[in-house]
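Report on the following structure.
Each reported figure results from applying straightforward, stated rules to the coordinates on display, with no laboratory input. Keep in mind that what you see is a predicted model, and the values were worked out from it rather than measured. Here the Cβ is made from the backbone with ideal geometry for all residues, glycine too, and neighbour counts use every protein chain on show.
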Amino acid sequence: MNSSPTDVLISEVGPRDGLQSIKTVMSTSDKQKWIDALYKAGVSEIEVASFVPPKLLPQMADAAEVVRYAKTLTGLTVMALVPNLKGAIAAIEAGVHKLTIPVSASAAHSMANVRKTREEMVDEVRQIVQYRNDWAPLVKVEAGISTAFGCTLQGLVSEDEVIWLAEAVTTAGADESGLSDTTGYANPVQIKRLFKRLKEAIGNKAGAAHLHNTRGLGLANCLAAYEVGVTSFDSSLGGLGGCPYAPGASGNVVTEDLVFMFEAMGIKTGINLDLLFQAREPLQSGVPHETLYGMVPEAGVPKGFEAATK
């Protein structure tokens with residue numbers, strides 16, 4: 001694993017966001033092999049699971065076991081998504097380093113995704129933070145604002161309400177709050193405007209960009225976010241992912257393409273592209289009937305290409 005300084009953090013969300021969005025249930029041993037390969041490529045932060053009822057997402061039934069395994073990889077930040085206090089308690093007991101809580105800017109998506117209003121989710125964040133403070137003060141809490149750029153259920157989402165929600169969850173104690181383009185609605189101008197507003201509103205608690213490539217603008221939007229100071233990006237190997245409760249929400253930004261873009265620009269990610277391409281093998285082996293996406297893995301890097309990461 002590469003431990004040299006980086007300019008941006010690429011947080012791999014495939015083992016959670018990718019796997020929960022497909023019908024195939026990857027075995028625990030295959031998940032471990034995939035996480036191993038990502039780690040060896042230099043990926044330093046991985047969202048490995050979500051702590052939700054297995055009857056809702058059988059793909060995540062082994063969440064605690066996967067977390068415990070990932071924790072054995074020295075230096076890896078192990079993340080898990082939790083929709084409520086019950087999930088947070090289970091994730092903390094399993095040993096996660098960081099919790100991510102989905103808080104929808106769209107009122108319709110909030111009810112569909114977590115069956116709670118936005119205000120109830122802010123209170124849920126407050127309860128999770130209190131539990132964290134009491135029992136696991138070193139665990140970080142991120143409350144990501146989902147559907148921040150539009151929603152397939154509701155349509156337009158007010159930017160003022162996005163900022164209000166980010167302020168509310170950080171006031172409730174979240175360490176950071178990023179923005180998620182859950183449905184792939186965003187464009188680069190919108191990305192720049194809203195991330196600027198986020199930074200102005202909550203300062204250094206402004207978190208990651210979690211962007212989707214549903215309409216082909218994923219990389220352009222990541223670059224736009226970087227140009228206004230965002231340095232943490234979520235992505236998924238092979239572009240797997242989406243949201244089971246947002247119709248038409250597909251396609252996370254492809255980790256391989258995102259790493260290539262930054263490295264080609266001289267921006268260090270700490271990730272070895274050759275080893276990252278190899279990490280597609282255990283993923284494909286574990287979900288043999290799923291299509292993996294990515295332009296760079298298919299075309300290869302240009303002749304004479306030199307990565308920023310050494």
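What to note about this one:
- Candidate lysines - alpha carbon under 21 Å from residue 33, same-chain residues fewer than 8 apart omitted: 23, 71
- Restricting the calculation to alpha carbons of segment 168-259 gives Rg and Dmax of 12.9, 36 angstrom.
- Its relative contact order, with pairs defined as Cα atoms under 8 Å and 6+ residues apart, puts segment 160-310 at 20 percent.
- At most 11 other Cβ within 10 Å, DSSP loop - GluC sites (Glu not before Pro), segment 267-306: 306
- Size of segment 9-299: Rg and Dmax of its alpha carbons, in Å, are 17.2, 50.
- Largest mean-square fluctuation among 267, 35, 145, in a Gaussian network model of the chain whose springs join Cα atoms under 10 Å apart, belongs to 267.
- Reduced Cα scattering model of segment 1-118, Debye log10 I(q)/I(0), q = 0.17, 0.20 Å⁻¹: -0.83, -1.09
- Calculated FRET efficiency for the pair residue 65/residue 135, C-beta based, R₀ 22 Å, to 0.05: 0.60
- Sparse-neighbourhood loop sites, trypsin sites (Lys or Arg not before Pro) in segment 24-122 - DSSP loop, at most 16 other Cβ within 10 angstrom: 55, 71, 115
- Relative contact order %, segment 69-166, counting alpha carbon pairs below 8 Å whose residues are six or more apart: 29 percent
- Length-normalised contact order of the chain in % [C-alpha pairs under 8 Å, at least 6 apart]: 21 percent
- Stretch gain in nm, segment residue 24-residue 289, where the contour uses 0.36 nm per residue and the Cα spacing is subtracted: 94.6 nm
- Counted as membrane-span-like here are DSSP H helices of the chain whose alpha-carbon atoms extend 20 Å or more along the helix's own axis and whose Kyte-Doolittle mean is -1.0 or above; these are 188-202.
- Measuring how big segment 154-310 is from its alpha-carbon positions, Rg and Dmax come out at 16.5, 50 Å.
- Amide H contacts of residue 11: 233, 234, 235, each under 5 Å away and 5 or more positions distant or on a separate chain (H built 1.01 Å from N in the peptide plane; Pro and chain starts excluded).
- Alpha carbon convex hull of segment 143-203, volume per residue in cubic angstrom: 71 Å³
- Selected from 232, 285, 50 as most flexible by GNM, with the chain as the system and alpha-carbon contacts under 10 Å: 285
- The chain: calculated mean residue ellipticity at 222 nm from DSSP helix runs of at least 4, using -39500 (n - 2.57): -11500 deg cm²/dmol
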